[in-house]
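Visitor: Can you keep this structure in mind? I'll have questions shortly.
Throughout, read-outs are computed from the coordinates displayed, never taken from laboratory work. No experiment lies behind these values; they were computed from the predicted model shown. Glycine gets a Cβ as well: all are built from the backbone with ideal geometry, and neighbour counts include every protein chain shown.
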């Protein structure tokens, strides 16, 4: 009997995971990618500078993918656990480190803002952990519940007393204010909403669970985050998958309401029993892959998520003890989000993230150039607004002025920086306007607006940060797992029970060791 054929459109982390699991299950898999390399947002620029996601969390998701392919993470990636999650600064005299160890963080917060805030932090951590544990199996690792009622039913079966503790109807900013009085700490912990591309004034307090995700383990990947994409590519190829790069899909073909394959912009056709679309679902609903495919999913609702202006560079750094992850806060946090989501403009006073990719947990003095990614949030209007050189220069001026205010001087090498604006993000990820996280998670119902892995067209499946369970590298990877699970269930094929989403969770140990 011939193998069932699957086409995966896009080689972002979700598409790669789907390709790994489908090829491992015996399908004939072809991955079509419009860019010359795999990874999607897991890209590298210049001197191997990670220019997209820089934080590796929720290791158990990736352990499960490797297990489904009959291998282990350790055979393909080298990870080092981060002892310091991030270094935060407001100016030269105000700095605060958060540690992987909650006790160390609590002590640091106590010394920074007083004993009351230290107690508030411990209560906040307990609340974030409870929210995460409540949602992990029924939502994060499960198929899209489709409604708040269905989620409540699932949660109620597992933890009936935890339903109200998720705080879906309170904003994240309000929830954080219940634990912290210090405005700097509200700013710091409110920033976790941006991990989902959202404003802490509009996101539900449920997103406090992101704090627990980081506390459960952040790892540094030797060779950079792009190495994850290369590892999954190699595993899929080892199971017989074929990758085609510079291969832009222009149409998803159907017959009698079912997928039959895809057509490239060149006119080349690929027949398929199933197609997994790893892209923003707005590209489908707006007709970028054909008028028939536009019926596969409803048009996206709500505001677009955050975009960004980034600088990938090699530069010498002085005056500030950089670690791997560093955050420099603006003086007016509310104005920053008003600029982005209300006024639709680059913030006049942005918060800045700097990933020093040659650093670890210890600050070192060095006169050698190092690889840096500098990022400030921006509105996702790259498809309707052309950012002028004057706008980008002003953004650069305000960004690097904040770094200097906090004591950091950066001197780029002669090659300069590679700048990516919302316009360029939109070119990389069409129909997003440059939004990097799908739709913003604003309001209690926003998680239920993301499409499920099964589309309205038979044989067409959705995976990626705009689909369930949401944005971020591990969540997108989980969406790839859920898409693959749906494909195999619909084709009446199977994979090992231990590799099914949500049924097996290796426990991450400090030092990078996993046990079942």
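Visitor: Just how far, in whole angstrom, is region 88-163 from region 395-421 if you go by their alpha carbon centroids?
Guide: 33
Visitor: So for region 140-299, averaging the separation of alpha carbon pairs under 8 Å that are six or more residues apart and normalising by length, what relative contact order in percent results?
Guide: Dividing the mean separation by the residue count of region 140-299 yields 12 percent.
Visitor: Using only Cα atoms, tell me the angle between helix 115-135 and the longest principal axis of the chain; keep it within 0 to 90° and round to the nearest 10.
Guide: Rounded to the nearest ten degrees, it is 0.
Visitor: May I pose another question? Can you tell me the FRET efficiency between residue 104 and residue 237 if r is taken as the Cβ-Cβ distance and R0 is 41 Å, rounded to the nearest 0.05?
Guide: Calculated transfer efficiency: 0.45.
Visitor: What spacing in nm lies between the two simple spin-label points modelled at residue 335 and residue 414, each 7 Å away from Cα in the Cβ direction?
Guide: 4.0
Visitor: Further, regarding this structure: Note the listed values [x] 31; [y] 25; [z] 50, then indicate which one is percent of Cα pairs over 37 Å apart calculated from this particular structure.
Guide: Of the listed options [x] 31; [y] 25; [z] 50, [y] comes from this structure.
Visitor: Determine the calculated [θ] at 222 nm for the chain from helices alone, applying -39500 (n - 2.57) to every DSSP H run no shorter than 4 residues and normalising by the residue count; nearest 500 deg cm²/dmol.
Guide: Here the helix-only value at 222 nm equals -9000 deg cm²/dmol.
Visitor: At a 10 Å Cβ-Cβ cut-off, how would you order 74, 117, fewest neighbours first?
Guide: Fewest to most other Cβ atoms nearby, the residues stand as 74, 117.
Visitor: Between region 283-334 and region 232-260, what is the separation of their alpha carbon centroids in Å?
Guide: 26
Visitor: For region 356-451, calculate the relative contact order in percent as a whole number, restricting contacts to Cα pairs under 8 Å that are 6 or more residues apart.
Guide: Once normalised by length, the contact order is 31 percent.
Visitor: Is the shape of region 349-399 best called rounded, prolate or oblate, per the rule: a/c under 1.5 gives rounded, else a/b larger than b/c gives prolate, else oblate, with a ≥ b ≥ c the square roots of the Cα gyration tensor eigenvalues?
Guide: prolate
Visitor: Right, here's the next one. How far is helix 59-68 tilted, in degrees, relative to the longest principal axis of the Cα atoms in the chain, given as a value from 0 to 90 rounded to the nearest 10?
Guide: Tilt of helix 59-68: around 20 degrees.
Visitor: What's the ranking of 62-71, 124-133 by average number of surrounding C-beta atoms within 10 Å, highest first?
Guide: Put in order of decreasing packing, that is 62-71, 124-133.
Visitor: Decide, for region 306-428, between rounded, prolate and oblate: order the square roots of the alpha carbon gyration tensor eigenvalues as a ≥ b ≥ c, take rounded if a/c falls under 1.5, and otherwise choose prolate if a/b is larger than b/c, else oblate.
Guide: prolate
Visitor: While we're on this one: Output the 0 to 90 degree angle, nearest 10, between the alpha-carbon long axis of helix 148-158 and the longest principal axis computed from the alpha carbons of the chain.
Guide: In the chain, helix 148-158 runs at an angle near 80 degrees to the longest axis.
Visitor: Using r as the Cβ-Cβ distance of residue 344 and residue 491, and R0 as 60 Å, what FRET efficiency do you calculate, to the nearest 0.05?
Guide: My answer for the efficiency is 0.85.
Visitor: Grab the beta carbon distance between residue 394 and residue 47, set R0 = 25 Å, and tell me the FRET efficiency rounded to 0.05.
Guide: FRET efficiency, residue 394 to residue 47: 0.35.
Visitor: While we're on this one: Nearest 5 percent is fine: what portion of the DSSP beta bridges confined to the chain is antiparallel?
Guide: Beta bridges within the chain, antiparallel portion: roughly 70 percent.
Visitor: May I ask you to derive the relative contact order of the chain, considering only C-alpha pairs under 8 Å and at least 6 residues apart, and to give it as an integer percent?
Guide: It rounds to 23 percent for the chain.
Visitor: May I ask you to sort 50, 339 by Cβ crowding, counting other Cβ atoms within 10 Å and putting the fewest first?
Guide: Least to most surrounded, the residues fall as 339, 50.
Visitor: Turning to a different aspect of this structure: Would you please classify the overall shape of region 1-158 from the alpha carbon gyration tensor, given that a ≥ b ≥ c denote the square roots of the eigenvalues, rounded means a/c under 1.5, and beyond that prolate means a/b larger than b/c while oblate covers the rest?
Guide: The shape class here is oblate.
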